[in-house]
Every structure is written in C-alpha cells, then in structure tokens.
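These notes concern the structure reproduced below.
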Amino acid sequence: MKRTGIIVIVVIVVLLFFGFQWGISTGNKMVVLDESVAASWSQVENVYQRRTDLIPNLVNTVKGYADFEKSTLTAVIEARAKATQVTVDPSKLTEASMKQFQDAQGGLSSALGRLMVVMEKYPELKANEGFLNLQAQLEGTENRITVERQKFNEVARGYNTYIRQFPQSIIASMRSFEKKAYFEAEKGADKAPKVQF
C-alpha cells in the first residue's frame, strides 16, 4: 500500500511539474506573439506617419498653383490634424479603437484623393518636378500602407488563433491576453465602382 501511495504521489508531482512547465511555455509564447502584434502595429503607424509627413510639402507645393482651391487644401490640412490626433495603444487594439483610427485615416485618404482630382485641372502643376516627386512618394507610401496593414492582420490572426485555442485559452484568460482587432475593408469596398463614359 505504501508503495502504491508513493507511485501516485510521484505521478501527481510529475504531472504537476509538466503542467506547470507547459503553462510557463504557453504564457511565454503568448508574450512573444503579443510583442509581434505590437511591432507590426508600430510599422503600420510608421508608414501612416510617413504619409502624414509628406502632406505639408505637398500642400505647400500646391498652394502656389491653386490659390482658389483653398477649401480643398483646408480639408486636407484638417484631415491631417485629425489623423495625427488619433493614436492607438498596441496593447488595446480593440475594434472600437481600430475603427476610430481607420475613420481618421480614411478621412485623410479621402481628402488627399479630392486634392489629387482637383490638381488635374492644373497642367503647370502636373509638370512641376517637385509635385511629381511628392505625388510618387505619396503613391508609394499608400502601397506600403496596404502591405503593412496586410502584414498586421496576418500577425494579429496568428496571435488571436493561438490564444483562442484550447487549452491555451485557459492561460490566455488567466494572464489577460485579449483578442486583437483587424483592419477591415472600408465600407462599400465590396462593390465595384460605376464607370461611365
């Protein structure tokens, strides 16, 4: 009887030891994945900041050519100011905070789009080397934004999948690891635009 009791105690201790080790390992992996999400989010903010930094130069270049398009320039400046005010803590990437960030950035994208359409009226501006350079940099930055948003979504998906799987979900809830929000397509992006000639 004593020998059976010792075996049971040893088995319980071994199981507890391996369970504890698994819990530590799982928690550490969640930390690594969470940090990957934060790093990816930082890169998203970095490319958005690049776009924001290009706008004053673009506006100053355009000002000299489009004196009577002040409302469009004002809209771009205001949208830029609003976009720079909205920041998201990577540890609190909730759907609400992500939507607020996306709305602010979407407003800036829309204002920039209107500015580019208005600039089509000014052939001398379209021939300006500084404007063309800024326009090319802005287009490249928009492409980078798309790439970084996609990378962020992939990293967030990996993190979210890991913390929601059983039995990792137990450790995630004990250590307060929460699901991260994704970038979502803008409203109406699922419908093709109507083109009329």
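Can you tell me which of (1) surrounded by fewer than 12 Cβ atoms within 10 Å (Cβ to Cβ); (2) modelled with pLDDT of 90 or more is the one Glu120 doesn't meet?
Among (1) surrounded by fewer than 12 Cβ atoms within 10 Å (Cβ to Cβ); (2) modelled with pLDDT of 90 or more, Glu120 violates only (2).
In the range 84-103, what residues are hydroxyl-bearing (Ser, Thr, Tyr) and not in a loop (DSSP other than H, G, I, E, B)? Spell out how you get there, then give the answer.
Step one: list which residues in the range 84-103 are hydroxyl-bearing (Ser, Thr, Tyr), which gives 84, 87, 91, 94, 97.
Within the range 84-103, Thr84, Ser91, Ser97 meet the criteria.
Taking into account only those residues within the range 71-108 that are buried (at least 18 other Cβ atoms within 10 Å of the Cβ) and of a type in the set (S, T, N, Q), which is modelled with the lowest pLDDT?
Among residues in the range 71-108 that are buried (at least 18 other Cβ atoms within 10 Å of the Cβ) and of a type in the set (S, T, N, Q), the one modelled with the lowest pLDDT is Thr72.
Pull up the range 119-151, narrow it to residues that are among the polar types (S, T, N, Q), outside any loop (DSSP other than H, G, I, E, B) and in contact (Cβ under 8 Å) with a residue 60 or more places away in the chain, then point me to the one that is nearest to Arg50 (Cα to Cα).
For the range 119-151, the residue satisfying everything is Thr141.
Which number in (1) at pLDDT below 90; (2) assigned to a helix (DSSP H, G or I); (3) out of contact with any Gly (no Cβ under 7 Å at 6 or more places or on another chain) marks the one condition that Tyr65 misses?
Evaluating Tyr65 over (1) at pLDDT below 90; (2) assigned to a helix (DSSP H, G or I); (3) out of contact with any Gly (no Cβ under 7 Å at 6 or more places or on another chain) leaves (2) as the failure.
If Met98 satisfies all but one of (1) closer than 24 Å to Ala185 by Cα; (2) among the hydrophobic types (A, V, I, L, M, F, W, C); (3) touching a helix residue (DSSP H, G or I) at 6+ places or on another chain (Cβ under 8 Å), what's the number of the condition it fails?
(3)
Quick check on my filter: what residues within the range 33-46 are closer than 14 Å to Gln102 by Cβ and either surrounded by fewer than 19 Cβ atoms within 10 Å (Cβ to Cβ) or modelled with pLDDT of 95 or more (or both)?
Result: Glu45, single match.
The values are calculated or read from the model by the stated rules, or taken from the named source; none is laboratory data. It should be emphasised that the depicted structure is a prediction, and the values quoted were computed from it without experimental measurement. All Cβ positions, glycine included, derive from the backbone under ideal geometry; neighbour counts span all protein chains shown.
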